[in-house]
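Below you'll find the structure, written out as structure tokens, and then a few comments.
Taken together, the values in this text are just the output of simple stated rules run on the coordinates, not laboratory data. This is a predicted model, so every value here is computed, not measured. Cβ placement follows ideal geometry from the backbone for every residue including glycine, while neighbour counts extend to all protein chains displayed.
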Amino acid sequence: MTDARVGAAYDTRAAEYIALAGDLEQMAAEDRAVIAAWRDATPGRLLDAGCGPGHWTQFLHERFLHGGHRDVLGVDLSEQFIVHARSTYSEIEFLEGSFATLPVPDASLGGILAWYSLIHTPPEDLSAIFAEFARVVAPGGSILIGFFDGTPREPFAHAVAPAYFWSTDALAELLGAAGFTPTASERRPRAEGEISVRPHASLTATRR
């Protein structure tokens, strides 16, 4: 599925998605803890790749262990998500665009958060996305990827657009080839009351 079709698919259900999962308080406490720890350990400008309605971008911007605000940028394929994010979090920069051609200079980022935003990327295209991440993240910078844990590259029926399972080992192999060194991972089953019904996982990697 192309970027344009994924963006259009989310546009048609943006209001529904925002109501269901567009607020930080609707997110799992475990996810907030993982992202907060990564944010506070990652200096420099941060990019929220696949920012959706912008709540995680705001989390990166607003709350910082050492005080003050972070310089962050949110990018998403969905025009409606970007419209919502800009109106809700007006102090943050949000751009409509693709991960394949990020609108930032080489080695200009301290880190990238890709929280369940790569699940719609066809497996054969993911290496190119990681190469683009490697272009824009400075050496020593970090990326944090959230995904659904399962048989690598196996498709599943997502409510909005076709999506794929991954494993930490399979992603670590692709990241290594792109110039990243995996440094941490975690996995947890779906908890009662969560929006998703699938097992969760995350992987952190450092740019060499």
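Would you be so kind as to identify which of 127, 69, 110 lies farthest towards the positive end of the dipole of segment 3-207, taking Lys and Arg as +1 and Asp and Glu as -1 on Cβ and the Cα centre as origin?
My answer, from the dipole projection, is 110.
Could I have the simple spin-label model distance between residue 13 and residue 62, label points 7 Å from Cα toward Cβ, reported in nm to one decimal?
The two pseudo-label positions are separated by 2.6 nm.
Under a point-charge model restricted to the Cβ atoms of Lys and Arg (+1) and Asp and Glu (-1), what is the dipole moment magnitude of the chain relative to its Cα centre, in debye to the nearest 20?
Rounded to the nearest 20 debye, it is 360 debye.
Could you pull out every residue, at least 5 positions away or on a different chain, whose amide H is within less than 5 Å of the one on residue 115? Hs are placed 1.01 Å off N in the peptide plane, and Pro or chain starts have none.
49, 146
So what are the ³J(HN,Hα) numbers for segment 87-96, from phi and the Karplus equation (6.51, -1.76, 1.60; θ = phi - 60°), rounded to whole Hz, Gly and Pro as x?
Once θ is set to phi - 60°, the couplings for segment 87-96 become 6, 8, 10, 5, 7, 10, 8, 10, 10, 7 Hz.
Between residue 190 and residues 5 or more places away or on another chain, which pairs have amide H atoms under 5 Å apart, with H built 1.01 Å from N, and which residues are they?
So residue 190 has HN proximity to 200.
Once you list every other residue whose beta carbon is under 14 Å from the beta carbon of residue 6, what net charge do they have if Lys and Arg are +1 and Asp and Glu are -1?
Result for the local shell: -4.
Tabulate in residue order the Karplus-calculated ³J(HN,Hα) for segment 178-189, using 6.51 cos²θ - 1.76 cosθ + 1.60 with θ = phi - 60°, rounded to whole Hz; enter x for Gly and Pro.
8, x, 10, 10, x, 10, 7, 8, 8, 9, 8, x
Along the Cα→Cβ direction, 7 angstrom out, place labels at residue 88 and residue 183. What is the inter-label distance in nm?
Spacing of the two 7 Å Cα→Cβ label points: 2.9 nm.
How high is the relative contact order of segment 3-207, in percent, with contacts defined as C-alpha pairs under 8 Å that are six or more residues apart?
So the answer I get is 18 percent.
Which of 126, 175 has the fewest other C-beta atoms within 10 Å, and how do the rest follow up to the most?
126, 175
Per-residue HN-Hα couplings for segment 161-177, Karplus 6.51 cos²θ - 1.76 cosθ + 1.60 at θ = phi - 60°, whole Hz, x for Gly and Pro?
Ordered by residue, 3J(HN,Hα) equals 8, x, 9, 9, 7, 9, 10, 5, 5, 5, 5, 4, 5, 5, 5, x, 5 Hz.
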